[in-house]
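Have a look at the structure below, then the notes.
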Amino acid sequence: MPIRLSSSTRRDLSLIACCSLVLLVLVEFRYGLSSTTLSRTDGNYRGAVVSSSAVAASSLDGLDLEDRELLGQIAASPPSRSKHRSSTSNRLKNHHKHASSSRTKPATFDTHDNRMGASRVSWGRNEQMPLTDLVGHAPGFTILDNVYFLNGTLYIVRSDTKPGSFPEPRMMISNAGNLTLSIEDNMRIISEREALRLFGTQASRIEGTTFLCNDDESVISDYYHFTAETLFSLWRAYSSLDLSITPYGETRLPQPRRFIVPNIPKSRWRDYANLNQYILHAAFPSTGLEFQADWADRAHTLRPYFFDRIVLGDRNAAKAQTHDNGNEAKEGIDKAVFQADKLPKSPHWWMPLRNNVVTFAAGEDAYGMVKRKKRQETSSPVITYVTRQQWGKRMLRDSDHTALVDKLHQLKRTNKDWEVNVVQLETLSKEEQIRLAARTTVLMGVHGAGLTGLLWMQPTNQTTVVEFLAPGSFSEDFEVVSRMVGIKHFTIWGDKSMTYPSLPDKSQLPARGQSLEFDSNEIPVDADAVVSLIMRQLQTTETEEA
């Protein structure tokens, strides 16, 4: 028998249909702009661009290719959320069928899920638990997915049937100078069967990317060592997951969710100038900090935890491998960051952090970044001499300092559109220091933390760092970092200048390349030779080699 609907019912149904149609139109209109979605292939979340609306395309009319590249990134909608259930065994099962199948994988997007139900990862006794995956590795710098933590120890879980290939723990982590700990206290590689015995069938999930720095206080509490080694090398390793980073610093990589330093009390990680925390918060505004007590608190719960991804940095592990490598020892390279640079990279890998810090200090928006990039090569050079003459340690000979300042001012009088700065950085605010470095074309000074400002310079063929050292001494601190970010570096011994690859042979120099005069207050420098070097570098054009 046919069902007859009353007129009021038919009216209500018609109203519902109309509302549904309007809702569909609104959704289409809202999400018609170019956006990035997540598709999962072989366990990796990859970004896929969906079609853009004609309105969005027409809004870019009149912009050149570089502007479109930048503004297209700015206008894009955030990635849509992946519809997976983290609390079930299927959450990660397919992702980890082949643990350690590749040492370098495409960049993955942050699949943040803040539902309470996503706070645990579980698996059955007869189901495969999420296995640890080696994403990238160089000695001392390792990217691992699905890392377990229990009672203060990190666990790499390998398959019982396909063990996979992981580096030895000593190549990933050290005891950070704590003689009461062994490497096994910090990290173990175990089988799936042993993991089931230790962890049971579930673990508390620690979402997103974690930067884990296993360095000691002497490194973390120093501005140069923290910024130009620890933070620098951790980002260098992480950036290997996005080889498409643009000259403007656009990247698909999410900010690390947390930065953990398990060996340092919270009260003792700041440097004397309080730059460490400023730089970290400027580079990663959303990143939380955890210290020794936080690490211990988590360990004392005696419950298993599951890290989605850890970017692990350990300076001692990196340096140990450097010393074991004959070729690197022959080159005299004693820097942990050199190991991180063995991973794949975009030529613009440093620009996301550089631009974040400069933008934070200068209050400059993305449009300003476009304009600055275009005028960089045609703007007047800025020469900055960072003087240490008031420090009482590692200074130029007074007469040579005076001669150098006079020559620089003479250079300014001859080239009226040039800018010359002679500064003591301790008299400038943090913002002033970073803004000045960002504008500087040639940065010079005696070896010291003031040269860390090279990180905020805009790399071009003219950008140059000139480092004054006592003759017979050498340090690769700023040379290696300059080379890694694409800036030319010169070491000055009196009237002699040296640059890569023609550097001093450290095997022929005193220990660590530092003579008794390294910290001298009478370091000689030839002002005429320095000015001639500056002139040569500033005559470099885009079509020439710097």
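Here the Debye sum runs over all C-alpha atoms of the stretch 180-243 as equal scatterers in vacuum, and log10 of I(q)/I(0) at q = 0.20, 0.23, 0.25 Å⁻¹ comes out as -1.01, -1.05, -1.08. Packing here is the average count of other Cβ atoms within 10 Å per residue, and on that basis the peptides 289-299, 389-399, highest first, run 289-299, 389-399. Estimated translational diffusion coefficient (Stokes-Einstein, Kirkwood radius over Cα pairs, 4 °C, 1.567 mPa s) of the stretch 372-470: 92 µm² per second.
K407 sits among other residues whose Cβ lies under 14 Å from its own Cβ, and their net charge, with Lys and Arg +1 and Asp and Glu -1, is -3. Could you please report the charge total around A203, scoring K, R as +1 and D, E as -1 over all other residues with beta-carbon less than 10 angstrom from its beta-carbon? That sum, taken over residues with Cβ under 10 Å, equals +3.
Protection proxy ranking for 402-411, 218-227, 254-263, using the average of other Cβ atoms within 10 Å per residue and placing the highest first: 254-263, 218-227, 402-411. What the phi angles of the stretch 208-215 give under the Karplus curve with 6.51, -1.76 and 1.60, with θ = phi - 60°, is a coupling list of x, 8, 10, 8, 10, 9, 9, 9 Hz, glycine and proline written as x. Taking a ≥ b ≥ c as the square roots of the eigenvalues of the Cα gyration tensor, an a/c ratio below 1.5 marks the stretch 393-546 as rounded. The phi torsions of the stretch 481-495, fed into the Karplus equation with coefficients 6.51, -1.76 and 1.60 and a -60° offset, translate into couplings of 5, 4, 4, 5, 9, x, 10, 6, 10, 10, 9, 10, 10, x, 9 Hz, rounded to whole numbers, with Gly and Pro shown as x. Taking amide hydrogens as modeled 1.01 Å from N in the peptide plane, which residues meet the under 5 Å criterion relative to G136, leaving out close sequence neighbours? Hits under the 5 Å cutoff: I143. For L289, the residues whose amide H sits under 5 Å from its own are F259, ignoring neighbours fewer than 5 places away on the same chain, with H placed 1.01 Å from N. With the cut-off at 1.5 for a/c, could you classify the stretch 424-468 from its C-alpha gyration tensor as rounded, prolate or oblate? It comes out oblate by the Cα gyration axes. A simple rule links phi to the HN-Hα coupling: the Karplus curve 6.51 cos²θ - 1.76 cosθ + 1.60 with θ = phi - 60°, which for the stretch 424-430 gives 9, 4, 5, 8, 9, 6, 4 Hz, with x for Gly and Pro.
Readers should treat all values here as calculations from the given coordinates under stated rules, not as data from a laboratory. Source: prediction; values computed, not measured. Please note: Cβ atoms are built from the backbone with ideal geometry, for glycine as well, and neighbour counts cover all protein chains shown.
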